[in-house]
1. What single numbered condition from (1) farther than 28 Å from residue 57 by Cβ; (2) crowded, with 17+ Cβ neighbours inside 10 Å fails to hold for residue 194?
2. Being assigned to a helix (DSSP H, G or I), among the β-branched types (Val, Ile, Thr), assigned by TED's automatic domain parsing to the domain that holds residue 552 and surrounded by 12 or more Cβ atoms within 10 Å (Cβ to Cβ), is that true of even one residue in the range 489-498?
3. Taking the options 211, 164, name whichever one is surrounded by fewer than 18 Cβ atoms within 10 Å (Cβ to Cβ) and in contact with a Gly (Cβ under 6 Å, 6 or more places away or on another chain).
4. Filter the range 173-191 down to residues that are under 23 Å from residue 259 (Cβ atoms) and touching a helix residue (DSSP H, G or I) at 6+ places or on another chain (Cβ under 6 Å), then give me how many there are.
5. Within the range 1-58, track down each residue that is touching a Ser or Thr at 6+ places or on another chain (Cβ under 9 Å), β-branched (Val, Ile, Thr) and under 21 Å from residue 384 (Cβ atoms).
6. For the range 17-43, name all the residues that are within 21 Å of residue 359 (Cα to Cα), in contact (Cβ under 8 Å) with a residue 60 or more places away in the chain and surrounded by fewer than 22 Cβ atoms within 10 Å (Cβ to Cβ).
7. Which is in contact with a Lys or Arg (Cβ under 9 Å, 6 or more places away or on another chain), surrounded by fewer than 24 Cβ atoms within 10 Å (Cβ to Cβ) and in a loop (DSSP other than H, G, I, E, B), of 470, 482?
8. Looking at this structure, is residue 476 more than 14 Å from residue 565 (Cα to Cα) and either at pLDDT below 95 or not assigned by TED's automatic domain parsing to the domain that holds residue 359 (or both)?
Amino acid sequence: MVVKPVVLCLNRSGEATAHRVAKVLGAALHGRMDRVEKADAFFANALDHARDLFAAGTPVVGVCASGILIRAVAPLLSDKRSEPPVLSVSDDGSVVIPLLGGHRGANRMAGEIAAVLGAKAAVTTAGDIAIGAALDVPPLGYRLANPADAKSVMAALLSGAGVRIEGENIFGIEDTGGGVTLTVSEAPCAGGGETLVYHPQSFALGVGCARNCDPEDLWTLVQTTLAEANIAPGAIAAVGTIDLKADEPAILSLASRLGVPLRLFTAAELEAETGRTENPSEVVLAEVGSHGVSENAALCLGGANGSLTVPKRKTRNATCAIARAPKPITEFAGRPRGRLSIVGIGPGQASWRTPEVSKLVAEAEELVGYGLYIDLLGPLAAGKTRSDFPLGGEEDRCRYALEQAGQGKNVALVCSGDAGIYAMGALTFELLDRATDAGGVSDAARRVEVVCSPGVSALQGAAARAGAPLGHDFCTISLSDLLTPREDIIRRLHAAAEGDFVIAFYNPVSKTRRTLLAEARDILMKHRPADTPVLLASNLGRPEEKIRYRMLSELQVDEVDMLTVVLVGSSNSRLAQLGEGPRMFTPRGYARRIDGDLRDVGNRHLTTEDAT
């Protein structure tokens, strides 16, 4: 999925320019709160927001000083092959500077912006300056077969070697008959330090297979078919099949190994191509509702003007066919396999949200969740379809998210904290595991890709604010008896108290449930000192965050609400007055181990591993 860029505007002096840039790029405009009048979304802190977008893989165009963007993304720089473009534009629109991602679209975007603004694009990439093209980024619909050789080829060009064109001139540069060769071919070709090979992706691969077919069987069939037809794997634009195979491991593996999209078609869509196929089958019709899968899917992808190049080839468990389009395929028929990303956004503070979660949210078409949690995403949620569900609508929320993904959509199910801790992760898998007639989801929903991404839990956030109260064994207990029988909660409280665990209480109270926290306190008092430290952490990571400490004997229900995490120390936990104030921690026993069991280490250097 191509992620659209976001234009950042920091002040009113650059607002007119920002709107022009956003229009030419078809991008959303995000404005600095209280400083920009009109925007698609507003942010409070420019550095945090630019960093968040960059971490999510979103191209960023800032109408601001270059230094602001540099300071924002510098801590995240690691691999230029995966980082999104970052550009700066002066407030008056006179200069456009591609700062990062020149070969990932920044130079192209700079040129487009400069052309509209009448500005100067300050492109410094050597290849663009020398020959006016980035050879490692071919035009859409073409694939570079040997990207590892691009660096040496560019070095040769910069040293004065000329260019020889073999096949289509996709870069529009002059053929000087020099020592560097740019070859464009549908057939397999050998590249090298002086030769770059590009394949026009004009071929569509249709496949079918028996359920749980060995991935290697399908891969071998496809490789053999391509070789016999003299078609390079890089010339394949996409893999197509029937939607019933959306979760078939062999087909998913094939698309991944070829590095191309997987597109799915209904039986009716496939059947519409039967008049153009060579091997219609009544047996297949009876089985799936179409006279064929592989040939039909290939023709669907190849389009109305495409033709069957390689009719159906088959083995015992797999089939494949290839169609050729008259030009490279850049828009794909059918639908993708749906994806549901179950994400935990942390307690609410943007800096505690992981880059992976931000990326999954940025890629999602639709956000599903409790409205407050989606609101906490701020500008990252701007422009996306959102489906808000109230508290108490958890099963409806998960079911809806799965069914939307079952339609081929990319959906993010947004949870606070970590989605697998007292959140929607477990319920999602419960619905997938439940039979359809017993309240489960549709077959289409069962075939979606489900991605789980970890988040910072309220437990971790509270512990970090306190110091290190989870330094030794701990457990979590939810005090909500809405889903868990009260007797089970009481039994777990007794067990945790006797085990002397540090305990994190989730859902400690509600408007109607006020007694279990007091009961928990009284149970714990029988097993640990009255002055055991207790942390009360409310609204973690939000402006109204509140941290306070109590002794176990002083814990009162009325100062706790549903947005409070209660951390009760073990008998060994301490609350120490240190340089920056009170800090709560639970010793793991290092001093005891070092003073006792490890006295005989002699002169050997004692490491952390030794002590653990």
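The values are calculated or read from the model by the stated rules, or taken from the named source; none is laboratory data. Note that this is a predicted model, so its numbers are computed, not measured. Positions of Cβ are backbone-derived with ideal geometry, glycine not excepted, and every protein chain shown enters the neighbour counts.
1. Of everything listed in (1) farther than 28 Å from residue 57 by Cβ; (2) crowded, with 17+ Cβ neighbours inside 10 Å, residue 194 misses just condition (2).
2. Yes: the range 489-498 contains one or more residues that are assigned to a helix (DSSP H, G or I), among the β-branched types (Val, Ile, Thr), assigned by TED's automatic domain parsing to the domain that holds residue 552 and surrounded by 12 or more Cβ atoms within 10 Å (Cβ to Cβ).
3. Working: 211 fails: in contact with a Gly (Cβ under 6 Å, 6 or more places away or on another chain).
Sole residue among the options that is surrounded by fewer than 18 Cβ atoms within 10 Å (Cβ to Cβ) and in contact with a Gly (Cβ under 6 Å, 6 or more places away or on another chain): 164.
4. So the count comes out to 2.
5. 3, 6, 58
6. Result: 25, 28, 40, 41, 42.
7. Criteria check complete, one pass: 482.
8. In short, no.
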